[in-house]
1. Please state which of the following conditions residue A:72 fails to meet, knowing it meets all the rest: (1) within 30 Å of residue B:7 (Cβ to Cβ); (2) within 11 Å of the chain's Cα centre (by Cα).
2. Which ones in the stretch A:38-80 are farther than 20 Å from residue A:4 by Cα, in a strand (DSSP E or B) and in contact (Cβ under 8 Å) with a residue 40 or more places away in the chain?
3. Would you please name the residue that is farthest from the other protein chains (Cβ to nearest Cβ), looking only at residues in the stretch B:97-114 that are modelled with pLDDT under 95 and more than 16 Å from residue B:5 (Cα to Cα)?
4. Criterion first (within 19 Å of residue A:17 (Cβ to Cβ) and buried (at least 17 other Cβ atoms within 10 Å of the Cβ)) does residue A:74 satisfy it?
5. Output the residues belonging to the stretch A:1-32 that are at pLDDT 95 or above and buried (at least 21 other Cβ atoms within 10 Å of the Cβ).
6. From B:76, B:82, grab the single residue that is away from chain A (no Cβ under 11 Å), assigned to a loop (DSSP other than H, G, I, E, B) and modelled with pLDDT of 95 or more.
7. I'd like to check something: does the stretch B:4-23 contain any residue that is surrounded by fewer than 18 Cβ atoms within 10 Å (Cβ to Cβ), within 14 Å of another protein chain (Cβ to nearest Cβ) and over 17 Å from residue B:107 (Cβ atoms)?
8. Please find, among B:59, B:1, the residue that is closer than 18 Å to residue A:43 by Cα and assigned to a loop (DSSP other than H, G, I, E, B).
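The values are calculated or read from the model by the stated rules, or taken from the named source; none is laboratory data. Keep in mind it's a predicted model, so treat the numbers as computed, not measured. Glycine also receives a Cβ, built like all others from the backbone with ideal geometry; neighbour counts cover every protein chain displayed.
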């Protein structure tokens, strides 16, 4: 059964810092990995989607990498801003589930960027 | 940017009552999903739906739950007799393709069972 773990659980940084959030998964048989942002009491906003054949994806100040063989992904946030404060979730779409349609989520990293 | 719309945003119901949570997926998406997040816990898969039938469901999705696409735009989750432990945020999502496409999630319905 696929397990997804995110480290650290919480992170507090001063504005302007570059930071890295980590995601690991136990089964490398995946179709893709998606990073989401969740604001308190709100829905999930997709940030980046990386297919299993890709190594990284970039969107603005965000860069996500994927090392499928080692079961790891990182989300790099450059020049952090207070507006980046949120919980960041990673989710994998396992290849070995019955139809591959479900996502398996990590617990999330709660990020606080202080002005 | 196309959105997945969920209504209501918050619902309070008495234990044992039936609730229907509503979702309007993105119009050209073909695959629809429900997930839930109990406060402080991980987001969990409930069910996926394609071509007017359930394609996959989790162990959480028991006989108390059902899904329906009553018309060309709505996708609903019904809980027949709510329990206290059904209190959670319920998210609807859709995707254009089955396996390689990304998900788009709605903003969620917070269900509180009292």
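1. (1)
2. Once the filter is applied, which keeps residues that are farther than 20 Å from residue A:4 by Cα, in a strand (DSSP E or B) and in contact (Cβ under 8 Å) with a residue 40 or more places away in the chain, the stretch A:38-80 yields only A:77.
3. Here the residue is B:97.
4. On the way: within 19 Å of residue A:17 (Cβ to Cβ): yes; buried (at least 17 other Cβ atoms within 10 Å of the Cβ): yes.
For residue A:74, the condition - within 19 Å of residue A:17 (Cβ to Cβ) and buried (at least 17 other Cβ atoms within 10 Å of the Cβ) - is met.
5. Passing the criteria: A:4, A:6, A:21, A:23, A:25.
6. On the way: B:76 fails: assigned to a loop (DSSP other than H, G, I, E, B).
Only one candidate passes the filter, namely B:82.
7. Taking every residue of the stretch B:4-23 in turn, none turns out to be surrounded by fewer than 18 Cβ atoms within 10 Å (Cβ to Cβ), within 14 Å of another protein chain (Cβ to nearest Cβ) and over 17 Å from residue B:107 (Cβ atoms).
8. Working: B:59 fails: closer than 18 Å to residue A:43 by Cα.
Step by step, each of B:59, B:1 is checked, and only B:1 is closer than 18 Å to residue A:43 by Cα and assigned to a loop (DSSP other than H, G, I, E, B).
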